[in-house]
Amino acid sequence: MLAAVYHGQKDIRVQQWRDPAPPEAHEIQLEIVRASICGTDVDEYVSGPHLVPMKAPHPASGHIGPLALGHEMVGRVAAVGAEVSGFRTGDLVVPGSGVSCGNCRLCLAGRTNLCDGYYTVGLHVDGGLAERVNVPARISRSVGDCPADVAIMAQPLAVALHAARGTGAGPGTSLAVIGLGGIGSLVVAACTARGVDTIGVDVSAGRLEVAGRLGASHLIDASDEDAAAAIRRATEGRGADVVVETSGTPQGLEAAMRAVSRGGHIRLVGLHRDPSPLDLTRLVLDEIRISTSKVHICDQDLPDALALLGEHPAIAHEAVDAVIGLEDIVPAGFQRLAAQEAAGKIVVCSGA
């Protein structure tokens, strides 16, 4: 089959790749209809490998070496494992990205995203930037009447919902999102759909425009003005009650620290690979809370994402920058995203 295979930094090859084996008892095999590129995939392309196990077997999946990327996908069921119920051949399905054991203390506490044996489809085993893939049935959900072009946003929206839920924000809360890439823009959509006054911050005019269409009430171009000062002006000098930092940059974290209100909450979603000093004195004296958000909890966030897309399908349409073919994924996908030329998600079309 054809797949976008990761071989290392700046080395993704669209090539013939191993077909998935017949699904194991707990798995379904999907023929991919739509997939999309995540910022994590781009990070692996630009400066990795960070998460793809190229030099040693992954402790949970056991995989080592090149693999087909892709953890955001929609596919039709092509085959069903012997112990799987609830799925039939031809069903349109969206899987979550993370595989958990279901039995460790964190899984039993409902925190499956922190499972002792957690691994990610498309980063630690072959994923959905390919023609076919096997995924565990228990992390998959039928999309019902939701079209593939809408359902493709379910997994990244689940990540955004998990991040937003942890803020506790509701109507009357001021919330700023710093970094309006694929997840940040969907945090805006998730929050505004629930009545939260949301401020969007980015350096890209295109991404700011997308965030505006997704409901941000204030837009701040951080390439042109001091983002923290602008957030404070938009909140009558108080600062934002909640700042969600999705950029993963030192500048974004520094702006979040200056923009958050006394007694406020900073929610870290972006992966910070550079050293990021914090003003710990201010955190203590102003009783500012910092929390973090990792991917999503499949049983809660994926159904909620599908429900929200059912209510607001425009979220998916507004979040997409381009739809491309798998054969064009490097120049039209990874290279554009790495150069920050795309204003929204790039979707890969593999079928009708």
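No lab work stands behind these numbers, since they all come straight from the coordinates. Here the structure is a predicted model, which is why all the values come from computation and not from measurement. Every residue, glycine among them, receives a Cβ derived from its backbone with ideal geometry; neighbour counts consider all protein chains shown.
Give me the log10 of I(q) over I(0) for the range 1-81 at q = 0.11, 0.25 Å⁻¹, as the Debye formula computes it from C-alpha points; what are the numbers? Result of the Debye calculation: -0.33, -1.34.
Each Lys and Arg adds +1 at its Cβ and each Asp and Glu adds -1 at its Cβ; summed about the Cα centre, the chain shows a dipole of about 600 debye. For a straight C-alpha distance cut-off of 13 angstrom, the aspartates and glutamates reachable from Lys345 (same-chain residues fewer than eight places away being disregarded) are Asp41, Glu72, Asp149, Glu318, Asp321. Normalised by 2.2 N^0.38 Å, where N is the number of residues, the alpha-carbon radius of gyration of the chain equals 0.96. Summing Cβ point charges (Lys, Arg +1; Asp, Glu -1) relative to the Cα centre of the range 167-292 gives a dipole of roughly 320 debye. If R0 equals 35 Å, the separation of the Cβ atoms of His317 and Lys10 corresponds to a calculated FRET efficiency of about 0.65. Between Leu2 and Ser85, residue separation times 0.36 nm minus the direct Cα-Cα distance comes to 27.0 nm.
At an R0 of 41 angstrom, the distance between the Cβ atoms of Glu327 and Arg105 translates into a FRET efficiency of 0.35. Extension gain for Ala21-Gln251 works out to 78.3 nm (0.36 nm per residue, less the C-alpha to C-alpha distance).
Helical runs (DSSP H, four residues minimum) scored at -39500 (n - 2.57) apiece and divided by the length of the chain put the mean residue ellipticity at 222 nm at -7500 deg cm²/dmol.
Comparing Gly270, Gly110, Gln9 along the charge dipole axis of the chain, the residue lying farthest to the positive side is Gly110, per the Cβ-charge model. Place a label point 7 angstrom from the Cα of Ser47 along the Cα-to-Cβ direction, then list the residues of the range 1-20 whose backbone nitrogen is under 19 Å away. What the label zone holds, given the 19 Å backbone N cut-off, is 7-12. Volume per residue for the range 167-238 equals 73 cubic angstrom (convex hull of Cα atoms).
Our summary gives the chain a relative contact order of 18 percent, counting only alpha carbon pairs under 8 angstrom and 6 or more residues apart. Mind pulling the angle between the C-alpha long axis of helix 154-165 and the longest principal axis of the chain? Nearest 10 degrees, somewhere in 0 to 90. Between helix and principal axis, roughly 30 degrees. The angle between the Cα long axis of helix 250-259 and the longest principal axis of the Cα atoms of the chain comes to about 50 degrees, rounded to the nearest 10. One quarter of the convex hull surface built on the alpha carbon atoms of the range 167-292 amounts to 6.8 nm², the projected area averaged over directions. Near the amide H of Gly117, within less than 5 Å, lie the amide hydrogens of Cys101, all on another chain or at least 5 residues away, with H placed in the peptide plane. You can think of it this way: the chain between Ala56 and Ser217 has 53.3 nm of extra reach, that is 0.36 nm per residue less the Cα-Cα gap.
For the pair the range 144-194 / the range 224-293, the C-alpha centres are spaced 19 Å from each other.
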